[in-house]
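The values are calculated or read from the model by the stated rules, or taken from the named source; none is laboratory data. These numbers come from a predicted model, not from an experiment. As a convention, Cβ positions derive from the backbone with ideal geometry for all residues, glycine included, and neighbour counts pool all protein chains shown.
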Amino acid sequence: MMSDPRTAVVLFSGGQDSTTCLAWALERFARVETLGFDYGQRHRIELDCRLTVRDELARQFPHWGVKLGEDHLLDLALLGQISDCALTDERAIELQANGLPNTFVPGRNLLFLTFAATLAYRRSASVLVGGMCETDYSGYPDCRDNTLKALQVALSLGLGAPMTVETPLMFLTKAQTWALAERLGGAALVDLIGEHTHTCYLGERGARHDWGHGCGHCPACALRRAGYAEWRASLLQDAHGA
């Protein structure tokens with residue numbers, strides 16, 4: 001694959017999806033920088049995991065490591081102060097009257113991408129990469145393709161410069177996201193994701209399951225676990241079919 005000469009900024013939380021997106025970007029773009037956000041999230045341990053993931057990616061995949069540029073972490077504590085949701089407060093995860101789970105942080109991705117675009121502009125980058133997905137997801141309106149396309153237009157107009165928003169997982173199931181990781185980096189990347197990334201909403205590392213660390217019960221863990229099982233089952237089916 002020919003390298004795209006542009007610089008990309010990946011919204012990188014240290015979770016499965018953003019790590020897969022980071023590998024996807026490193027495979028394509030000449031230079032890739034990462035951006036994380038501290039908004040008082042309950043699973044703040046992800047901010048520690050993301051640095052380990054970056055280091056392991058660079059060590060295990062040196063052809064990506066030479067492209068991996070600076071990491072940035074922005075303090076968005078104000079978002080946590082006004083969110084009033086289960087990702088920023090100690091409360092049970094449940095559905096709300098509007099049909100959305102109370103893990104929805106209103107405006108989170110809109111703010112994330114706006115700040116990312118501001119940083120990208122200063123860093124001479126013109127591509128933003130995020131792990132938003134509207135296939136296997138909780139119904140968050142700021143994860144939908146139409147939302148991201150509209151925001152891409154708004155950012156480009158507001159900055160007076162083209163800004164591309166790439167969402168490589170938008171129409172993939174979680175099983176297909178595992179498959180994408182394997183295509184990008186083989187078993188080594190799958191193992192890296194399982195061992196070092198963090199997805200659990202409750203911030204639990206706990207025991208190492210075959211799909212990774214986590215409580216195993218929150219919506220994020222349940223989705224990751226089910227996707228892994230579906231992906232592994234498809235591999236066995238393909239092997240028997242061959």
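Data for the structure
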| quantity | calculated |
| --- | --- |
| From Pro168, Pro219, Pro141, residue being farther than 30 Å from Thr118 by Cα and surrounded by 13 or more Cβ atoms within 10 Å (Cβ to Cβ) | Pro219 |
| Residue check, Val105 under 26 Å from Thr147 (Cβ atoms), under 17 Å from the mean Cα position of the chain (by Cα), at pLDDT 95 or above and of a type outside the set (D, E, K, R) | no |
| Residue, nearest to the chain's Cα centre (by Cα), within segment 38-67, restricted to residues that are closer than 14 Å to Leu22 by Cβ and of a type in the set (Asp, Glu) | Glu46 |
| Identity of the residue in segment 43-69, of a type in the set (D, E, K, R) and surrounded by fewer than 19 Cβ atoms within 10 Å (Cβ to Cβ), that ends up farthest from Arg183 (Cα to Cα) | Arg44 |
| Matching residues in segment 139-175 - criterion: being of a type in the set (A, V, I, L, M) and in a loop (DSSP other than H, G, I, E, B) | Ala161, Met163, Leu169, Met170, Leu172 |
| Residues of segment 116-138 that turn out to be over 16 Å from the mean Cα position of the chain (by Cα) and either farther than 20 Å from Arg28 by Cβ or in a helix (DSSP H, G or I) (or both), as a count | 6 |
| Phe37 being hydrophobic (A, V, I, L, M, F, W, C), under 19 Å from Val190 (Cα atoms) and crowded, with 20+ Cβ neighbours inside 10 Å | no |
| Hits in segment 47-63 (condition: out of contact with any strand residue (DSSP E or B) (no Cβ under 8 Å at 6 or more places or on another chain) and not β-branched (Val, Ile, Thr)) | Asp48, Cys49, Asp55, Glu56, Arg59, Gln60, Phe61, Pro62, His63 |
| Check on Val165, touching a Cys at 6+ places or on another chain (Cβ under 6 Å) and modelled with pLDDT of 95 or more | no |
| Selection status of Ala229, surrounded by 15 or more Cβ atoms within 10 Å (Cβ to Cβ), touching a Leu at 6+ places or on another chain (Cβ under 8 Å), modelled with pLDDT of 95 or more and in a helix (DSSP H, G or I) | no |
| Hits in segment 194-224 - residues which are closer than 14 Å to Ala175 by Cα, out of contact with any strand residue (DSSP E or B) (no Cβ under 7 Å at 6 or more places or on another chain) and in a helix (DSSP H, G or I) | Ala220, Cys221, Ala222, Leu223 |
| Counted residues, segment 7-27 - those being under 20 Å from Arg123 (Cβ atoms), in contact with a Pro (Cβ under 9 Å, 6 or more places away or on another chain) and not aliphatic (A, V, I, L, M) | 2 |
